[in-house]
Amino acid sequence: MRQTGARLPDVCPHSRPPHPRRRFFTSLVLPLGVLPLPTLLSLCIGALAQIPPHAPPTPSLTPLNLSPTFESQIQARNVIDRFHGTQYATEAQLGPTPKVLPARRFSLRPGILKVLPLIEASASNLSSAPPLHRSIPPRGYRPQISSTHALIWPPQPLPDDLIPGLQERIEGSLSSNGLLGALLSAAQLIHQTHPSILESPLHLAQKLSAAGLPVDLLELFLPPASSQSQTNSLATAPPPNLPNTTRQWLEWAIQISKTAPPPTSPIPIPQLHLLPQLPAPPISVAPEIGNLDSLLFRMQLGGGYNQGIVPGSGLDVIGSLCETAPDTPLVVSAEKQFASPLSDLAARSWNLRKTGQLTILTESLPVSSWAQDNAKPAWTANGAPAVLIPRYASVDEGFSRIVPGDTAAAVNLHRAGFQVVQSSLLFQGGNLVVVEEPISHERVLMLGEGELWRNQALGLSRDHILALFQHQFACNRVQILPNVSYHLDFDACFRLQDNRPIVFVNDARKGASLIVQIGLQGFLQALKEDQVALRDELRRLWQSNEFWELRIAVQSALKHRRISTGRLQLEVVDAFAVSPVDSASVNLQCFLNALDFMVCDLPQAASALPSADAQYLKALQQFKDQLTRQASALALTGWTVVGIPSLPELNRGINYINVVQDKHRLFLPIWGGFYADLDRAAETAYRAALGPQVRIIPIQCADTQRTLGGLHCLISTHPKPANSPSNLQSPSPSPPSP
């Protein structure tokens, strides 16, 4: 059927950044019955004005010194994205039909809905921030948190403050020569061009930090051995704001750089050793294994309104949580201009009925929808909620592009009573999870391998990275897992069920088969009435498991159903929508992607014509092989592997692993509409593993998956600590810890 709802703008082919998982509002206009017309117009204009520009092209990955396997995986993902964007693009992108909720005008008791305003000092500080949205900052950049709870956002260095070539030298050395190699190389360049800077370790630290050297990491290591016996001629005490160990390493670099070695004698760089007694972490990151009750949920309002609430979007999921989990408080961060409309929508259209059910934190910068990535749930020593936030919030798999709004939103969580602790490491929260072994009670950090390479770019060795992750996440050990999807939470969901450790994973073979089986029915309906023979042939090929021949027949039929630009005709697309929640275009693309995934490792795929087709199928096969590698690694963890019919995140996959869970509930992301039978198959698989004691709550989030996110990406669950009192409340706001 032809959808009458709004059509979403066509998605252009893109490399990973700007990552399509990062969708912002295109508009946030509430129904006329809710807000007056002037407010509506101002919101329209404000929302459209804030659409972020495309990020600059990604530079070469070579300076990051990634492993050949991981770099090849990034390139393969780009190949898949480009192929889908060119070969499977439709004449128009038919999206789901937005819904307009009636204004039911509930009578709210005091305390049910709270809106926490901006702290003006923080707002004014950020309003003058440079336009760093999704840019690649200097390699070792680390925004600082002030004692007034504000994110200190330094202005871009003035041109006459820059040392020519310093940033390039640092970034060229960090991954290949390590932190000390980059420090020494930078000091040598400064000695040659600006020797006066070397007279002050503090001045040197400022210059190095501005150029991207992570100077703050030096304080985590033992000082140079020579510093204990040498007389320090540069300073008798650490300069203000410069830790003693950091000063000693800077003085070491100054001293060495002033001694020109013979050209044939490389300077010996000492091996870095972490301090034997690092400061104890003030918080403990919470395990995510579904064995505890939920204290609260946290989300961010990053999109979901386009002439109505888009079904399955982040905004729609906020409303669904309010309806299905009223006893669990929900904290939502929203940009200032959208906080009031969100509050009005919640008060007039959602049935809020519990004290403290919804808290809205206003933000001065746009935020994304991905609350999972910028802060990991944690506890303080007394069991109060806390968060561990990364060095800065980022996107991308290779270079770490900064997301300023998400960075600021994480810092501002102190306003809702969270203790905020900033890590010295980079991480994206969806790519790591803390689990607890049921017998040994060991805490293990399951780490997607992408986080290893992300921090190697800071000049840290593999051993240092693992040791720091183990320490800062308060774990006994770290287990590295191969990435298939963009993040680990699309590939594995860990749960302790009746003291039995289970890890749910993608049964990609079964998932792809079900998608093709359902999608084929839509494709048969899309054929013209006189194509009876082709219908019969497609059915025969499917029933006889001749999948390669089936793909050839489908692709051949599509050749004659394209417009002059090469895009697929709407007559083909229309058959893939049966409900207002359907995006007919994406449903068709999911069918084609699943069929490709089924055949990519067949012998015929290697010789497919044209060559772009063979390259694309080879990229899919690479991820299929990676799935096998990942399954082997998960099997070695000792957790019982349970397959769910589901595909990993590969631009156009349907995923059921990205769930939200607690002791008695599992919130299941569902697609609905055209692929409702697939939803039921996934729910059946979960029910068989969990039994009747766990309530499975389906949450429509297809639109979120269409932007390469999921339920776990949207929702950060803060569990109650074990043996905590049932009346545990958030503490009063406290300053974040550096």
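Some notes on this structure:
- Selection count where residues are loosely packed, with under 13 Cβ neighbours inside 10 Å, in a helix (DSSP H, G or I) and among the acidic types (Asp, Glu), scope segment 530-549: 1
- Lone qualifier among 500, 443, 509 - being among the basic types (Lys, Arg), surrounded by fewer than 24 Cβ atoms within 10 Å (Cβ to Cβ) and in contact with an Asp or Glu (Cβ under 7 Å, 6 or more places away or on another chain): 443
- Elements of type helices (runs of 4 or more DSSP H) in segment 647-728, at least 2 residues being touching a strand residue (DSSP E or B) at 6+ places or on another chain (Cβ under 9 Å), touching a residue at least 12 places away in the same chain (Cβ under 8 Å) and over 25 Å from residue 501 (Cβ atoms): 676-690, 702-706
- Selection from segment 482-496 of residues that are buried (at least 20 other Cβ atoms within 10 Å of the Cβ) and either outside any helix (DSSP H, G or I) or assigned by TED's automatic domain parsing to the domain that holds residue 595 (or both): 482, 483, 484, 485, 486, 487, 491, 492, 493, 494, 495
- Qualifying residue in segment 39-56 (condition: assigned to a loop (DSSP other than H, G, I, E, B), loosely packed, with under 13 Cβ neighbours inside 10 Å and at pLDDT 50 or above): no
- Residue in segment 610-633 that is in a helix (DSSP H, G or I), farther than 15 Å from residue 590 by Cα and touching a strand residue (DSSP E or B) at 6+ places or on another chain (Cβ under 6 Å) present: yes
- The set of residues from segment 653-694 being under 20 Å from residue 288 (Cα atoms) and in contact with a Ser or Thr (Cβ under 7 Å, 6 or more places away or on another chain) comprises 655, 656, 657, 660, 662.
- Any chance residue 278 is outside the structural domain of residue 183 (by TED's automatic domain parsing), closer than 30 Å to residue 639 by Cβ, modelled with pLDDT of 90 or more and part of a loop (DSSP other than H, G, I, E, B): yes
- Residue ID - farthest from residue 391 (Cα to Cα), chosen from residues in segment 418-448 that are part of a strand (DSSP E or B) and not hydrophobic (A, V, I, L, M, F, W, C): 436
- Looking across segment 65-75, the residues that are at negative phi and either in contact with a Phe, Trp or Tyr (Cβ under 7 Å, 6 or more places away or on another chain) or not in a helix (DSSP H, G or I) (or both) come down to 66, 67, 70.
- Total residues in segment 316-341, condition aliphatic (A, V, I, L, M), touching a residue at least 60 places away in the same chain (Cβ under 8 Å) and part of a helix (DSSP H, G or I): 3
- Residue 498 vs. criteria over 30 Å from residue 539 (Cβ atoms), of a type in the set (D, E, K, R) and modelled with pLDDT of 95 or more: no
- Tabulated pairs, segment 202-215, first more than 16 Å from residue 245 (Cα to Cα), second of a type in the set (Phe, Trp, Tyr), C-beta under 7 angstrom, 6+ apart or interchain: 212/141
- Some residue of segment 186-208 being buried (at least 19 other Cβ atoms within 10 Å of the Cβ) and either of a type in the set (Ser, Thr, Tyr) or modelled with pLDDT under 90 (or both): no
- Tally, over segment 604-626, of residues that are surrounded by fewer than 21 Cβ atoms within 10 Å (Cβ to Cβ) and among the aliphatic types (A, V, I, L, M): 5
The values are calculated or read from the model by the stated rules, or taken from the named source; none is laboratory data. Just so you know, these numbers come straight off a predicted model, no measurement behind them. For neighbour counting, all protein chains shown are included, and Cβ atoms are generated from backbone atoms with ideal geometry for every residue, glycine included.
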